[in-house]
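Here's the structure we're looking at; comments come further down.
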Amino acid sequence: MSYGRASSDEVLAPGIVLALANKMGLSISPEEAETLTALLMNQLAAVDSFDAFNLQDIVPTPIFRLEASDD
Amino acid sequence: MTELTDLSLSEASDLLGAGEISSLELVEANLRAIDKTEPVVQAYAKVLADEARAAAKRADAEIAAGDRRGPLHGIPIGIKDNIYTKGIVTESGSQVMAGFLPDHDATCVANLKQAGAVIIGKLRCHEFALGSNEPPTRSPWNLDCYPGGSSIGSGAAVTSRSSFGALGTDTGGSIRVPSSINNLVGMKASFGRVSIYGVVPVAWSLDHVGPMTRKVRDNALLLAGMAGPDPKDPTSAKQPVPDFCAALEAGVAGLRIGVERDYFFYDGLQDEIRASVEAVIAEYQQLGAEIIEISLPELEITQDALFTIVLAECSTYHRKLIRQHSEKYDPASRVMLQLGQLVPANHYLAAQQARSLYRTAINNAFCEQRLDAMLWPTMPIATAPLDQIFEFRADGYPETPVSSMCHHTFNANLAGLPALSVPCGITSDGLPFGFQLTGRAFDEAMIYRIAYAYEREHDWHRRKAEVIEDL
């Protein structure tokens with residue numbers, strides 16, 4: 001969750017985000033690009049928290065069918 | 001306000017079954033409550049007065065003929081507006097879906113109709129249940145505070161006595177958060193327990209539908225009426241629906257309840273809530289349960305994992321829509337969906353790996369410690385003033401209220417385990433809050449049993465907001 005994390009736009013310029021978004025067909029203004037850039041910088045940092053654990057050998061299973069647990 | 005609306009769902013059901021009241025009387029009582037409360041509360045996207053009256057008359061005729069289908073027959077229920085209702089406008093709180101008339105019911109609605117429930121109206125939600133924009137709905141508990149979302153109308157309607165129960169949806173806490181804020185019982189059942197066919201998706205791998213009610217027994221009855229396998233939903237579990245009330249009064253003697261403190265009882269937990277939930281834990285101990293202290297360090301990655309998954313999955317659902325109807329989205333929703341388009345695929349998969357890690361960890365804790373349930377506060381704060389939910393908390397804790405409010409709920413969606421919010425207090429400012437029970441997969445009956453053991457010793461479920469008392 002990135003609502004509470006401090007943001008930074010030092011790494012990624014809003015112009016790059018604007019160009020990328022427009023290339024993807026998203027209609028955003030330069031002002032919205034500023035907001036989106038700050039949010040994106042937060043979001044891109046989110047996965048850093050996962051590094052505290054070893055995930056390398058875990059197979060991701062996005063859509064799963066839950067089963068009852070057995071002891 | 002008529003006394004009929006002070007009945008809980010199960011009390012009304014008992015009287016209906018005994019022939020002492022009619023379904024039409026219940027509907028008329030709800031409609032009078034709607035007339036009185038809606039100018040203030042604004043819980044309903046659409047009130048179905050004529051349809052509800054007609055359905056109630058049919059229910060009364062069937063019951064009179066000796067054909068009572070079960071405890072929900074003739075009971076008025078509200079449906080969150082992101083859940084399809086055949087021939088009834090379903091807009092999911094968005095201009096993008098303005099005027100949309102589904103040609104079929106969501107399976108959970110079809111199941112409720114089959115059980116004889118009466119649909120009283122469609123309830124407001126945040127746009128596409130994303131929790132980003134601000135609907136006009138207010139909680140009668142405090143009109144200036146955030147009323148809880150995204151099942152915002154569901155919480156407000158049930159606490160306002162304008163519906164005997166409501167359906168909400170929960171991708172990260174959207175049933176449990178408004179339940180806690182509105183002094184209600186709210187269940188996010190096991191992933192797959194209730195079909196999500198016909199529910200506008202937020203994130204397919206995290207979405208749940210569930211009941212919001214005033215009492216535990218009400219909740220168990222409503223869940224039973226909507227649950228069950230569904231071949232139309234690939235995430236639906238092939239699990240039979242048990243009688244969730246069968247062991248409700250069995251007590252907690254000998255049960256093992258896990259408590260994790262590093263994450264759930266952190267410094268951001270408000271003192272009044274901490275004290276009340278500690279009292280709940282002590283009470284369970286007095287009632288004969290064994291409290292087991294557990295450690296789950298993997299909880300620290302649950303918020304980032306869930307938010308990454310939500311962004312990627314919801315923006316996939318909206319990929320075409322947002323290009324065609326960008327201007328129809330609320331700006332707050334639009335930026336979130338645009339952000340989701342930019343999440344790298346490997347970040348989404350890393351979040352799914354983190355989710356698998358957490359699922360394994362919590363399931364191991366249940367098995368290794370032989371736990372029947374885990375217990376923690378539903379939220380670390382009661383709620384916050386509407387104009388401050390995206391600012392840092394007024395008490396100085398370096399977290400926004402909106403982030404705090406889902407701090408304790410995301411984990412259950414990641415694990416897919418059942419989680420129930422139960423009222424357990426009201427702050428000195430008059431704001432309700434609850435505690436949360438998480439159970440083993442498909443063991444909703446156990447957490448209902450544990451919840452009921454607490455509820456029957458208290459009267460939180462009888463408390464009513466002063467605004468409603470005054471109407």
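The values are calculated or read from the model by the stated rules, or taken from the named source; none is laboratory data. Remember, predicted model here, so these are calculated numbers, not experimental data. Glycine gets a Cβ as well: all are built from the backbone with ideal geometry, and neighbour counts include every protein chain shown.
Got a sec? Which of A:34, A:67 is in a loop (DSSP other than H, G, I, E, B) and among the acidic types (Asp, Glu)?
A:67
Within the stretch B:399-410, is even one residue modelled with pLDDT of 95 or more, touching a Ser or Thr at 6+ places or on another chain (Cβ under 7 Å) and either assigned to a helix (DSSP H, G or I) or surrounded by fewer than 23 Cβ atoms within 10 Å (Cβ to Cβ) (or both)?
Yes, there is a match, as at least one residue in the stretch B:399-410 is modelled with pLDDT of 95 or more, touching a Ser or Thr at 6+ places or on another chain (Cβ under 7 Å) and either assigned to a helix (DSSP H, G or I) or surrounded by fewer than 23 Cβ atoms within 10 Å (Cβ to Cβ) (or both).
Inside the stretch B:215-238, can you point out the residues that are touching a Pro at 6+ places or on another chain (Cβ under 7 Å), crowded, with 16+ Cβ neighbours inside 10 Å and within 14 Å of chain A (Cβ to nearest Cβ)?
B:236, B:237, listed by residue number.
Of the residues B:179, B:150, only one is among the small types (Gly, Ala, Ser), in a loop (DSSP other than H, G, I, E, B) and more than 14 Å from every other protein chain (Cβ to nearest Cβ); which?
Exactly one of B:179, B:150 is among the small types (Gly, Ala, Ser), in a loop (DSSP other than H, G, I, E, B) and more than 14 Å from every other protein chain (Cβ to nearest Cβ), namely B:150.
Output the residues belonging to the stretch B:61-79 that are surrounded by fewer than 19 Cβ atoms within 10 Å (Cβ to Cβ) and farther than 21 Å from residue B:108 by Cα.
Quick first cut of the stretch B:61-79, residues surrounded by fewer than 19 Cβ atoms within 10 Å (Cβ to Cβ) only: B:61-62, B:64-70.
B:61, B:62, B:64, B:65, B:66, B:67 - these are the residues of the stretch B:61-79 that are surrounded by fewer than 19 Cβ atoms within 10 Å (Cβ to Cβ) and farther than 21 Å from residue B:108 by Cα.
For the stretch A:48-71, enumerate the residues that are in contact with a Pro (Cβ under 9 Å, 6 or more places away or on another chain) and either more than 7 Å from chain B (Cβ to nearest Cβ) or more than 17 Å from residue B:364 (Cβ to Cβ) (or both).
Scanning the stretch A:48-71 gives A:52, A:63, A:65.
If you check residue B:386 against the conditions, is it out of contact with any Cys (no Cβ under 9 Å at 6 or more places or on another chain), surrounded by fewer than 24 Cβ atoms within 10 Å (Cβ to Cβ) and either among the hydrophobic types (A, V, I, L, M, F, W, C) or within 8 Å of chain A (Cβ to nearest Cβ) (or both)?
Here the answer is no, as residue B:386 does not meet what is asked.
Just for the stretch B:352-371: of the residues that are of a type in the set (A, V, I, L, M, F, W, C) and more than 7 Å from chain A (Cβ to nearest Cβ), which one is surrounded by the fewest Cβ atoms within 10 Å (Cβ to Cβ)? First the steps, then the outcome.
Step one: list which residues in the stretch B:352-371 are of a type in the set (A, V, I, L, M, F, W, C), which gives B:354, B:357, B:361-362, B:365-367, B:371.
Now drop any that are not more than 7 Å from chain A (Cβ to nearest Cβ), which leaves B:361-362, B:365, B:371.
Working: B:361: 16, B:362: 27, B:365: 18, B:371: 22.
Per the criteria, the residue is B:361.
Take the residues in the stretch B:330-341 that are within 10 Å of chain A (Cβ to nearest Cβ) and either among the charged types (D, E, K, R) or farther than 17 Å from residue A:31 by Cα (or both), then tell me which one is surrounded by the fewest Cβ atoms within 10 Å (Cβ to Cβ).
Result: B:341.
Could you grab me the full set of residues in the stretch B:270-294 that are outside any helix (DSSP H, G or I) and either surrounded by 23 or more Cβ atoms within 10 Å (Cβ to Cβ) or out of contact with any strand residue (DSSP E or B) (no Cβ under 7 Å at 6 or more places or on another chain) (or both)?
Across the stretch B:270-294, the qualifying residues are B:270, B:287, B:288.
Would you confirm, using the coordinates I've provided, whether residue B:327 is at pLDDT below 95 and more than 7 Å from chain A (Cβ to nearest Cβ)?
When the stated conditions are applied, residue B:327 passes them.
Would you say residue B:420 is within 13 Å of chain A (Cβ to nearest Cβ) and under 25 Å from the mean Cα position of the chain (by Cα)?
So residue B:420 does not fit the description; no.
Consider only pairs whose beta carbons are under 7 Å apart and that are at least six residues apart or on different chains; among these, list those whose first residue lies in the stretch B:297-308 and is more than 7 Å from chain A (Cβ to nearest Cβ) and whose second residue is part of a helix (DSSP H, G or I) and basic (Lys, Arg).
B:305/B:355
I need every pair where a residue in the stretch B:1-28 that is within 20 Å of residue B:47 (Cα to Cα) has its Cβ under 6 Å from the Cβ of a residue that is of a type in the set (Ser, Thr, Tyr), sequence separation at least 6 or different chains.
B:9/B:213
Could you check residue B:304 against (1) under 30 Å from residue B:332 (Cα atoms); (2) of a type outside the set (Lys, Arg); (3) surrounded by fewer than 17 Cβ atoms within 10 Å (Cβ to Cβ) and say which number it fails?
(3)
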